[in-house]
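To start, the structure itself, in C-alpha cells.
The values are calculated or read from the model by the stated rules, or taken from the named source; none is laboratory data. What you are looking at is a predicted structure, and each value in this text was computed from that prediction instead of being measured. Glycine also receives a Cβ, built like all others from the backbone with ideal geometry; neighbour counts cover every protein chain displayed. The area values use the complete protein model at the heavy-atom level, side chains included, leaving out ligands, DNA and RNA. Shrake-Rupley method; radii C 1.70, N 1.55, O 1.52, S 1.80 Å.
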Amino acid sequence: QVQLVQSGGGLVQPGGSMRLSCAASRLPFIDHTMAWFRQAPGKEREFVAAIGLDGGSTLAGDSVKGRFTFSVDSAKNTLYLEVNRLKPEDTAVYYCAARAGAILVTPDDYPTWGQGTQVTVAS
C-alpha cells in the first residue's frame, strides 16, 4: 500500500510563501502523476497543481497559476510545492495525491492521498 506523508503548512502572512512536502513510500516515479488539491471549509476539494513525474509536465489551476513552483527529490521520493504571494483565499487544507498515468484534475481520479495539512493565510 503506497502512502503519502505530508508536512509543511501552518500560519502564513498575506504576501508570504509556503512550502509543502509530500513524501511517498514505494511509489514508482515512472508514469505517475502527483498532484495537490485543497479544500476550504464548506467548499468542494479543488485542484491546485500537478506534475507528471515522467516528463516533468505541469498543470496549474487558476487559483495558483503564476505563483507556484514544483520540485522533486527523486532520492527521497518527495515532491515539494511552493506557492508565493499568498492570499487569505488560499486558506484551506491542502492534500497531495498520486495516480498512475497522466495528469487529471478531478479528485476521484486519484486513488492515493496524503493526510492533509492546514494552511492559514492571515495577518
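Some points to look at:
- Heavy-atom surface analysis with a 1.4 Å probe gives the chain a carbon and sulfur content of 49 percent of its accessible area.
- With the simple model of a label 7 Å out from the Cα in the direction of the Cβ, Glu89 to Asp108 spans 2.7 nm.
- Förster radius 25 Å - calculated FRET efficiency between Gln118 and Phe70 (Cβ-Cβ, nearest 0.05): 0.75
- Sparsely packed GluC sites (Glu not before Pro) within region 28-118, loop by DSSP, other Cβ within 10 Å at most 14: Glu44
- Cα-projected label distance for Glu44 with Tyr80, points at 7 Å along beta-carbon direction, nm: 3.3
- Nearest-20 debye value, the chain charge dipole, Cβ charges on Lys, Arg, Asp, Glu: 280
- Estimated at the nearest 10 Å², the accessible area of Ile103 is 40 Å² with a 1.4 Å probe.
- Residues whose amide H falls under 5 Å from that of Thr91, counting only those 5 or more places apart or on a different chain, are Val121, with hydrogens built in the peptide plane.
- 3J(HN,Hα) couplings calculated from phi for region 5-10 with the Karplus curve 6.51 cos²θ - 1.76 cosθ + 1.60 (θ = phi - 60°) are, in sequence order, 10, 9, 8, x, x, x Hz; Gly and Pro show x.
- Applying the Karplus relation 6.51 cos²θ - 1.76 cosθ + 1.60 with θ = phi - 60° to region 70-86 yields 3J(HN,Hα) values of 9, 8, 10, 9, 5, 5, 9, 6, 10, 10, 10, 10, 10, 10, 9, 6, 5 Hz, where x marks Gly and Pro.
- Sorting Lys87, Lys65 on solvent-accessible area from highest to lowest, probe radius 1.4 Å, gives Lys65, Lys87.
- DSSP bridge orientation in the chain - percent antiparallel, rounded to nearest 5: 95
- As a length-normalised measure over Cα pairs under 8 Å and 6 or more apart, the relative contact order of the chain settles at 37 percent.
- Measuring only protein heavy atoms, the 1.4 Å probe finds Met34 accessible over about 0 Å².
- Its alpha carbons considered, region 32-80 gives a radius of gyration followed by a Dmax of 11.9, 38 Å.
- Residues whose amide H comes within less than 5 Å of that of Gly116, counting only those at least five positions distant or on another chain, are Gln6, Cys96 (H built at 1.01 Å from N in the peptide plane).
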